[in-house]
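In what follows, a single structure is set out as structure tokens and then discussed.
The values are calculated or read from the model by the stated rules, or taken from the named source; none is laboratory data. Remember, predicted model here, so these are calculated numbers, not experimental data. Using ideal geometry, Cβ is built from the backbone for each residue, glycine included, and neighbour counts are taken over all protein chains shown. To get the accessible areas, we keep the full protein, side chains included, count just its heavy atoms, and leave off ligands, DNA and RNA. Shrake-Rupley method; radii C 1.70, N 1.55, O 1.52, S 1.80 Å.
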Amino acid sequence: MNNQQMELKIGWLYPTLMSTYGDRGNVICIQQRAQWQGFNVQVIPLDLQASVTEIHQVDLLVGGGAQDRQQEIVMRDLKGAKATALREKIEAGTPGVFTCGAPQLLGHYYEPALGQRIEGLGLFDFVSKHPGIEAKRCIGNVVFEITASKLAEELTAMLGKPPVIIGFENHGGRTYLGKVEALGKVISGYGNNGEDGMEGAFFHNAIATYSHGPVLPKNPFLADWLVKTALQQKYQTNVELKSLDDGLAMQAREAMFKKLGVSELAAY
């Protein structure tokens with residue numbers, strides 16, 4: 001089967017409610033890079049009107065950030081059959097990238113600065129808490145090395161080097177991991193909580209992270225991994241990706257590494 005015969009269906013979770021800080025750029029990045037590879041691409045908005053059938057049809061999931069009020073609206077909708085469908089997709093290995101507010105919803109719960117605890121799906125073994133309205137937000141550029149074993153191994157094979165992610169974080173909540181594997185180890189920035197040096201979480205093929213930017217255009221190899229993994233899961237065959245010209249993205253990464261004083265990572 002060649003690339004032109006493969007179709008990638010991207011499920012975009014609540015595009016009007018959860019696209020804070022330009023996270024729709026992750027959808028655009030995946031769509032464009034998959035099309036450059038010759039794949040047919042369809043973006044399916046999984047919004048309040050979406051059906052359970054549509055959730056089951058997607059090959060890759062993308063969720064973005066949201067304010068507390070929007071998160072409450074989403075969680076009221078994401079119950080019952082919808083929650084079950086999303087859980088089944090992720091546990092079956094459907095890859096995804098969930099940013100800021102989205103992973104908070106996939107954990108056990110999120111405690112906002114004001115208001116009631118928002119119960120999550122419990123897919124990721126972590127909890128998120130806001131320390132209070134007077135607490136300082138975690139804002140700034142963030143750099144971390146991916147340490148989640150499966151993802152680190154596969155990305156290292158793709159890159160020939162350990163994978164390092166650069167993004168921008170802006171979150172009031174702090175996330176504390178249970179038994180779930182951390183996505184990476186913080187090199188610069190706050191990460192999950194500014195205390196334990198960990199960033200994000202990784203479960204099956206699902207990536208949870210506080211990195212905005214949006215994160216995928218800044219780290220195009222991560223978008224490629226999502227595309228490759230999604231199609232291999234769907235078609236049960238090895239998928240080869242051609243090399244794309246990421247010169248501008250690499251120059252931008254080098255500039256940010258230098259600015260943050262981690263220029264030894266510029267080769268990534």
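Rounded, prolate or oblate: pick one for region 107-214, where a ≥ b ≥ c are the square roots of the eigenvalues of its C-alpha gyration tensor, a/c under 1.5 means rounded, and failing that, prolate if a/b is larger than b/c, else oblate. Taking the square roots of the gyration eigenvalues as a ≥ b ≥ c, region 107-214 is oblate.
Adding -39500 (n - 2.57) for every DSSP H run of four residues or longer, then dividing by how many residues the chain holds, sets the calculated 222 nm ellipticity at -10000 deg cm²/dmol. Comparing A223, A50, A182 in a Gaussian network model of the chain where C-alpha atoms under 10 Å apart are linked, the largest mean-square fluctuation is found at A50. Centre-to-centre, using Cα atoms only, region 34-72 and region 160-224 are separated by 20 Å. Of all segments of the chain bounded by GluC sites (Glu not before Pro) found in a DSSP loop with no more than 14 other C-beta atoms within 10 Å, the longest spans 1-133. Could you tell me the relative contact order of the chain? Use alpha-carbon pairs under 8 Å, at least six residues apart, and round to a whole percent. Answer for the chain is 19 percent. List the trypsin sites (Lys or Arg not before Pro) within region 1-105 that DSSP assigns to loop and that have no more than 15 neighbouring Cβ atoms inside 10 Å. Filter output for region 1-105: K79. Of the trypsin sites (Lys or Arg not before Pro) found in region 187-268, those in coil by DSSP whose Cβ has at most 14 other Cβ atoms within 10 Å are K242.
The portion of the accessible surface of region 58-118 made up by carbon and sulfur, rounded to a whole percent, is 46 (1.4 Å probe; DNA, RNA and ligands excluded).
Summed over the residues of the chain and divided among them, the accessible surface reaches 43 Å² per residue at a probe radius of 1.4 Å.
Its Cα gyration tensor gives region 24-128 an equivalent ellipsoid; the semi-axes, largest first and in whole Å, are 25, 15, 13. How charged is the neighbourhood of N141? Take every other residue with its Cβ under 13 Å from the Cβ of N141, and add Lys/Arg as +1 and Asp/Glu as -1. Result for the local shell: +2. For V186, neighbours were defined as the other residues whose beta-carbon sits under 14 Å from its Cβ, and their charges (Lys and Arg +1, Asp and Glu -1) total -3.
For every other residue with a beta carbon closer than 15 angstrom to the beta carbon of V58, add +1 if it is Lys or Arg and -1 if Asp or Glu, then tell me the sum.
-1
Near the amide H of I187, within less than 5 Å, lie the amide hydrogens of V143, F144, E145, all on another chain or at least 5 residues away, with H placed in the peptide plane. With 22 Å as the limit, write out which pairs from K9/K234; K9/K228; K150/K234 have Cα-Cα distances beyond it, or answer none. Pairs exceeding the cut-off: none. Recomputing log10 I(q)/I(0) by the Debye sum over Cα atoms at q = 0.09, 0.11, 0.15, 0.17 Å⁻¹ from the coordinates shown identifies the correct label among [x] -0.37, -0.56, -1.08, -1.40; [y] -0.42, -0.62, -1.09, -1.35; [z] -0.54, -0.77, -1.18, -1.35 as [x]. Just the protein heavy atoms count here, and of the accessible area of region 120-267 at 1.4 Å, carbon and sulfur take up 52 percent. Evaluated at q = 0.17, 0.29 Å⁻¹, a Debye calculation over the C-alpha positions of region 46-107 (equal weights, vacuum) places log10 I(q)/I(0) at -0.54, -1.53. Please report the antiparallel percentage of the DSSP beta bridges confined to the chain, to the nearest 5. Taking every DSSP beta bridge with both residues in the chain, the antiparallel ones total about 55 percent.
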